[in-house]
Amino acid sequence: MSEENVGMDTLKVDGDPEVAEVALLRFRGEDRYTVETVDGLTPPLARSQKWIINISTQFGCPVGCPFCDAAMDYAGNPSVDELLAQVRWALARHPGVAEDCAKLKVHFARMGEPSLNDAVLEAMDRLPALVASPGLWACVATVAPRGRDSWFDQLLEIKERLYRGRFQLQFSVQSTDETKREELIPMSHWRLEQLADFGRRFFKSDDRKVILNFALAQDVPFDPAVIERMFDPDSFAVKLTPVNPTAAAKENGFETVLRSERDEILSDACQRLAQGNYDVIVSIGDEQEDWIGSNCGQALRVDRQQEHGRKEKVVTEALNPFLVG
């Protein structure tokens, strides 16, 4: 069955078309095979300048990160056709835009761990034939589960063949302390040394740097000295993000550092890393994304926007030079 004919029902679309909309898409006629797909923008850029399609790579997620709503349940992997059907759904909403889009990023990063689904590799292989855009990028965010080395080797081959200079690899690191990482990522995963080794192999001079993402919660260690010792600033960038206001984070007592009165504690770390020639990205995002439920870790099917309300962004002057929004 081709992705044109794959059985898919659109259960719900919610959000703001000027920021992001999240769809609940059901496959196989059963609610347990429901994914979330994001059709998003980067305000104030127009869709023709930058368009983000964020697809789910699994039905739920088996990793179980304690601040992520997608960890509620897991029903296996979508097929390659079901992955590409999510992209096709977003493309169909804006006919003709892809052909002239300067940067169209397809993120394999909404719900699920992409490296646990072999179909993700084939979907990335087939994606250029589906998306007729000169600005097509593929993006993967991963916790790098242990035992998936072959998957990552194949990812490197696909990047070199199809996406050289147009690929974004992000490791969800969360902390510089290995013991704390085991708590935050409760699935056997690569240690920092393995992330560093693979990242050095993955990065080439015309690539975007491999991103080390830290969704920083209060009382979670973040030591710039560990990054400096292990990760080459020529190959890696450091991205700091909030712990988004998910139901799981609230239930498990995770409070964000960014967007809180305590975010000034990161200013010295940012300055130190920048002085060490690291690209440092402090990504707060649009406050409407919390309301919409399109941020990482949020799940539309939980439908808790009323509970969350609109969050005020609290950002110190010391962090302002690094903000990307």
Going from the fewest other Cβ atoms within 10 Å to the most, one would list S115, S48, S56 as S48, S115, S56
DSSP beta bridge pairing in the range 21-175, given as percent antiparallel to the nearest 5
40
With respect to the cross-link table entries K105/K209; K12/K105; K105/K159; K12/K250; K12/K239; K50/K209, which display a Cα-Cα separation exceeding 21 Å?
K12/K105; K12/K250; K12/K239
Neighbour net charge for A102 - beta-carbon separation under 13 angstrom, K R +1, D E -1:
+3
Using alpha carbons only, how many angstrom separate the centre of the range 156-170 from the centre of the range 43-110?
17
Classified through the alpha carbon gyration tensor (a ≥ b ≥ c as square roots of its eigenvalues; rounded if a/c is under 1.5, else prolate when a/b is larger than b/c, else oblate), the range 51-157 comes out prolate
Calculated P(r) tail over 22 Å for the range 98-173, as whole % of Cα pairs
19
Ranked from fewest to most other Cβ atoms within 10 Å of their own Cβ, Y278, Y74 fall in the order Y74, Y278
Would you list I227, I281 from fewest to most Cβ contacts within 10 Å?
I281, I227
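Where a number appears in this text, it was derived from the coordinates with a stated rule and is not lab data. All values derive from a computational prediction rather than experimental measurement. Here Cβ is always computed from backbone atoms with ideal geometry, including for glycine, and neighbour counts include all displayed protein chains.
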